[in-house]
Structures are given as C-alpha cells and as structure tokens.
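Everything below concerns the one structure shown next.
Laboratory data are not the source of any read-out in this text; all were calculated from the coordinates shown. All values reported here derive from a predicted model rather than from experimental measurement. Neighbour counts are summed over all protein chains in view; Cβ atoms, including those assigned to glycine, are modelled from backbone coordinates with ideal geometry.
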Amino acid sequence: MPIFDYRCSECGKTYDVYHKVREIVEDVVCPSCSSAQHKKLMSAPSIAIAGSSSTDFSSSASCESSGGCCGGACSVN
C-alpha cells in the first residue's frame, strides 16, 4: 500500500496516510483536528535492498562507536 504524507491546512500537523487501492483523497482527514483541508507533501520513497554487496563497510559506524544497527540485523557488524 502506498504511503502519502499530508500537512493539515488548519492545525499544521503532518501525518501519513496508508492509501488502499481505491482510496478517495477527499476522504482524508487530519487525525488531530478532523479537518479535510490538507496539502499532499512530496516524500522520498523508502527502499530496502536485499542480497550480497561488494561494498566495504569497514569504515562505517558500529555498535561500539554508538552507531550502526547493533545486533547485526543490517549485516554491517
């Protein structure tokens, strides 16, 4: 399901909406003030790439240096 970001024209709150296939944009309301007045924002898609890589991660942050994924979930550590 695509995720879209909106900013309420009434209260200024920014919120995400998970659109279904046939969702009508006019049905989107602010979760804070229930206003239907909003502006759709541009957002960058989030992607994940699985598989092996030849990239050298030896210079990247690690758990010991207060960075990285800690726990090995990202396969950097």
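Starting from the Cα-Cα distance between R22 and S35, subtract it from 0.36 nm times their residue separation and give me the gain in nm to one decimal.
Details: separation 13, 0.36 × 13 = 4.68 nm, distance 2.10 nm.
In short, 2.6 nm is gained.
Rounded to the nearest 0.05, what FRET efficiency do C11 and I49 have when you use their Cβ-Cβ distance and R0 = 35 Å?
Details: r = 37 Å, r/R0 = 1.06.
So the FRET efficiency works out to roughly 0.40.
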